[in-house]
1. Only Cα pairs within less than 10 Å get springs; with that Gaussian network setup on the chain, which residue of 87, 159, 167 has the largest fluctuation?
2. When you take every Cα atom in the chain, what is the radius of gyration, and what is Dmax, the widest Cα pair distance, in Å?
3. Between residue 180 and residue 51, what length in nm is gained on full extension when 0.36 nm per residue of separation is reduced by their alpha carbon distance?
4. Once both axes come from the Cα atoms, what is the angle between helix 128-138 and the longest principal axis of the chain, in degrees from 0 to 90, rounded to 10?
5. Residue separation times 0.36 nm, minus the C-alpha to C-alpha distance between residue 43 and residue 21: what's the value?
6. Could you give the nm distance between label points at residue 137 and residue 123, where each point is 7 Å from its Cα heading toward the beta carbon?
7. How far apart, in nanometres, would the label points at residue 102 and residue 70 be if each is projected 7 angstrom from Cα along the Cα-to-Cβ direction?
8. When the helices in the chain are scored as -39500 (n - 2.57) per DSSP H run of 4 or longer and the sum is shared across all residues, what 222 nm value do you end up with, to the nearest 500 deg cm²/dmol?
């Protein structure tokens with residue numbers, strides 16, 4: 001049995017998504033289709049911050065929710081905490097969007113940054129560059145963000161989304177979902 005899955009690396013400015021088909025029998029993941037949602041601020045001097053934040057959230061939802069609706073499971077490196085009030089606002093928007101996706105009835109499997117890095121590269125403190133390199137090694141024909149033919153630094157977000165799938169399929173929560181899906 002094959003199912004549609006999705007990995008997400010949430011961020012208010014660069015939300016990474018990896019869509020793929022997972023073969024439940026072999027554990028094989030086909031080459032993911034990658035999407036990087038790069039949000040844009042509302043322009044103008046009189047724009048309130050809360051209005052801008054609402055616009056950024058809508059930009060993410062307009063792309064992420066239709067993709068999420070196609071998946072049987074979504075694997076997400078859920079953000080944790082923040083160092084400033086502004087970062088906390090970003091965190092709140094991201095968690096709110098994830099909660100909205102979950103409210104659609106789509107299972108969200110949460111993974112930690114450490115699980116993602118360790119599972120994907122073998123190194124629990126892997127750098128952004130190492131994550132991108134591993135993703136390129138695993139899926140060389142995936143549509144990574146490029147500029148002038150070269151992989152851009154923002155590819156880290158889609159690389160993390162791919163890695164979230166790799167880590168998520170090993171979680172007890174997903175193994176339970178898999179048992180249910182196989183019995184249908």
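1. 87
2. So, for the chain, Rg and Dmax equal 16.4, 57 Å respectively.
3. 42.2 nm
4. Once rounded, one gets 40 degrees.
5. Details: separation 22, 0.36 × 22 = 7.92 nm, distance 3.86 nm.
Using 0.36 nm per residue and subtracting the Cα-Cα distance, I get 4.1 nm.
6. Distance between label points: 1.0 nm.
7. Output for this residue pair reads 2.4 nm.
8. Values: 6 runs with 86 residues, N = 184.
One gets -15000 deg cm²/dmol as the mean residue ellipticity at 222 nm.
Coordinate-derived values only; no laboratory data. Since the model is a prediction, treat every value here as computed from it, not as a measurement. Note that we place each Cβ from the backbone using ideal geometry, even for glycine, and neighbour counts take in every protein chain shown.
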